[in-house]
Amino acid sequence: MKKILSILIALIVLGIVAALALAYAPFKPTPANEELPADWKAEAGRGEYVMRAGDCMACHTAKGGEPMAGGNSIESPMGTIWASNITPDKETGIGNWTLDQFRAAMVDGIGGHGQQLYPAMPYENYRYMKESDIRALYDYIQTEVKPVKNEVQATSLSFPFNMRFGIRAWNWLALSGESNFKPMEGTDQQIRGQYLVEGAGHCAACHSPRTVYMAQNGTRLGDSNFLTGGELDGWTAPALRGKDSAIKTWSAEAVAAYMGAGRNAHAVANGEMAVAIQHSLQYMTDADLNAMAVFLKSADGQPVETVPAKVAAPGPHAMPAAQADEAGKETAKLLTAASPDMPLGARLYLDNCAACHFVSGKGSPEIFPELQGNAMVNGRDASPFVSVILNGTSSPSTDRRPMHLAMQGYADRLTDSEVAALATFVRKGWGNQAADVSESQVSKVRKHTNAAAAPERAK
Ligand code: HEC
Ligand code: HEC
Ligand code: HEC
């Protein structure tokens, strides 16, 4: 969420240059992209499903607060951005809004007082949603969500970040290109997947890099940097396309399982992705998860795969541990030999990690993630990986996989130089080819994540 900070800085630079002129030009809202009869009604359940697909709940619900009643804080050093109350309460929510006002918020980033919304609200992506989905969502909010009176604190960032008209200029740059969804040439399944990924799913908000003025660099298929990896507050949202993508070695079936269950044979979702799965993706139907997975793989130029209809069908519970493959053979041999003069990193791995992630680095499907080829282990920025070693991590249960997974942290057991040696070993083991990790990098992560102090070692 701290990316907001950089967005804001860019906003100001731009805002000052261009905003005044634009600010006084009359605003023309984007019209509906489908013509629907006045008495059109979405089928039962559709609006709620769109809400899940768009993950409105995650941002618009405060910790311990009523669903969608706002007050969730998004921190930035210039101040806090407060997510709005979007329940149908007439005074403090959006109960009095017309469909046109709602569409303007979703598509053009215009709030209830005609104010420009900060792009923390992902209208860069929602603008690709079809009118029928926007209307289903609008009707759902107005008629099915419980109205909650909750006056959300006004966002007041320090000068000049409080000048919302600056966003007008930013939008002019960021939202160039028409807002209509452009279906690819492909099967209905691919197109459905494309629609969900580009629009409601707002995957690009995290998984695309940013432009110099901090707009999403690539919001749709055909944009060269679309989903090639992004940065969020010290965590990496891995590339889903392009040369750095780890999922190009996963089957589409495995991608769908990751999104729907939070884990698969390769990896476990942590951080912001775990949150997205908890509130949004786990509620997607098997058909839609498969559609997104098949689209993602084909968007990277790979053949369209056939996937089983059921996502993350329960598998066998006892299976033989995976053997090291060709790329992992050397490392597995070194660890198995366990010679007393093996390098420090290897010894630390054997002592601390091998019991679960195994000498093969392949772990055990859906419990102990694979470290070979793992996106977090091999990330350009090693901080998330170092943070997992220091602090451990956990991932929530989902309906498809109720078991809660957790890994303990090693902050009080390993010194910074030991963690550096261990992390470097793992980033080079089993054919991994990521850069070394230094002691000072580890100290930084230890400080930044408030991890426990390192143990004292006798000299
Ligand atoms: C990543 C976080 C995030 C997600 C996801 C998100 N929003 Fe928002 N939304 C915000 C923030 C933050 C604001 C307030 C921005 C501001 O004050 O400029 C906002 C503002 C709004 C507003 C304007 C309210 C007003 O009173 O002006 C509406 C309407 C809205 N969101 C609807 C939705 C809907 C519907 C969804 C799901 C499809 C959604 N949002 C998903 C963060 C989010
Ligand atoms: C709020 C930010 C955010 C959003 C939105 C988001 N992701 Fe993620 N995603 C992440 C992060 C962070 C990770 C890395 C998780 C980890 O390190 O365990 C991730 C990991 C993944 C992975 C695993 C990649 C790998 O190589 O291990 C897949 C697949 C994925 N996301 C797909 C999606 C799709 C599809 C969408 C849209 C429907 C999406 N994500 C939306 C932040 C996000
Ligand atoms: C007692 C078993 C256990 C031990 C020992 C263990 N881990 Fe884990 N590890 C897990 C589990 C379970 C997870 C999945 C939890 C999650 O990601 O939320 C995990 C997750 C991870 C992840 C995240 C991968 C992903 O795809 O999200 C990394 C990296 C990792 N472990 C590295 C290590 C390293 C390095 C060591 C040794 C210092 C180690 N683990 C020791 C059980 C263990």
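Each value in this text was obtained by applying a stated rule to the coordinates, not by laboratory testing. The model shown is predicted, which means the values in this text are computed figures rather than measured ones. Methodologically, a virtual Cβ is constructed for each residue, glycine included, from the backbone with ideal geometry; neighbour enumeration extends over all protein chains shown.
With charges set only on the Cβ (+1 for Lys and Arg, -1 for Asp and Glu), what does the dipole of the chain come to about its Cα centre, in debye to the nearest 20?
760
With a cut-off of 8 Å between alpha carbons and a minimum separation of six or more residues, what is the relative contact order of the chain in percent?
13
If you scale each eigenvalue of the Cα gyration tensor by 5 and take the root, what three semi-axes come out for segment 247-313, rounded to whole angstrom and sorted largest first?
18, 13, 10
Which of 356, 339, 398 sits farthest toward the positive end of the charge dipole of segment 326-449, with +1 on the Cβ of Lys and Arg and -1 on the Cβ of Asp and Glu?
Going by the charge dipole, the pick is 398.
Between residue 330 and residue 248, take the C-beta separation as r, use R0 = 30 Å, and let me know the FRET efficiency to the nearest 0.05.
0.80
So what are the radius of gyration and Dmax for the Cα set of segment 299-339, in Å?
17.3, 48
For segment 188-299, what is the Kirkwood hydrodynamic radius in Å, using each pair of distinct C-alpha atoms?
13.9
Projected onto the charge dipole of the chain (+1 at Lys/Arg Cβ, -1 at Asp/Glu Cβ, origin at the Cα centre), which of 67, 440, 291 gives the Cα projection farthest towards the positive end?
440
Check which residues have an amide H placed less than 5 Å from residue 150's amide H, if you skip close sequence neighbours.
92
Here are some pairs, 28/149; 243/428; 90/146; which of them have Cα atoms lying more than 23 Å apart in this structure?
28/149
So which GluC sites (Glu not before Pro) in segment 107-203 pass both tests, a DSSP loop state and at most 16 other Cβ atoms within 10 Å of the Cβ?
Here the GluC sites (Glu not before Pro) that fit, given the DSSP loop and packing criteria, are 151, 178, 185.
Which aspartates and glutamates, on any chain, are close to residue 130 with Cα under 12 Å apart, when same-chain ones fewer than 8 places away are left out?
Partners within reach: 34, 35, 198.
Would you please calculate the Kirkwood hydrodynamic radius of the chain over all C-alpha pairs and express it in Å, rounded to one decimal?
23.7
Viscosity 1.306 mPa s, temperature 10 °C: what is the translational diffusion coefficient of segment 137-185 from Stokes-Einstein with a Kirkwood Rh over Cα pairs, rounded to a whole number of µm²/s?
Once the numbers are plugged in, D ends up at 104 µm²/s.
In segment 303-403, which GluC sites (Glu not before Pro) fall in coil by DSSP and have 16 or fewer other Cβ atoms within 10 Å?
305
If you take the C-alpha gyration tensor of segment 382-459, multiply each eigenvalue by 5 and take the square root, what semi-axes do you get, largest first, in whole Å?
Over the Cα atoms of segment 382-459, the ellipsoid semi-axes are 24, 17, 11 Å.
Which order do peptides 336-342, 44-50, 419-425, 188-194 fall in by mean Cβ count within 10 Å, highest first?
Result, highest mean Cβ count within 10 Å first: 419-425, 188-194, 44-50, 336-342.
What span do the alpha-carbon atoms of segment 326-449 cover on each of the three principal axes, reported in whole Å from largest to smallest?
Per principal axis, max minus min of the Cα coordinates gives 46, 36, 26 Å.
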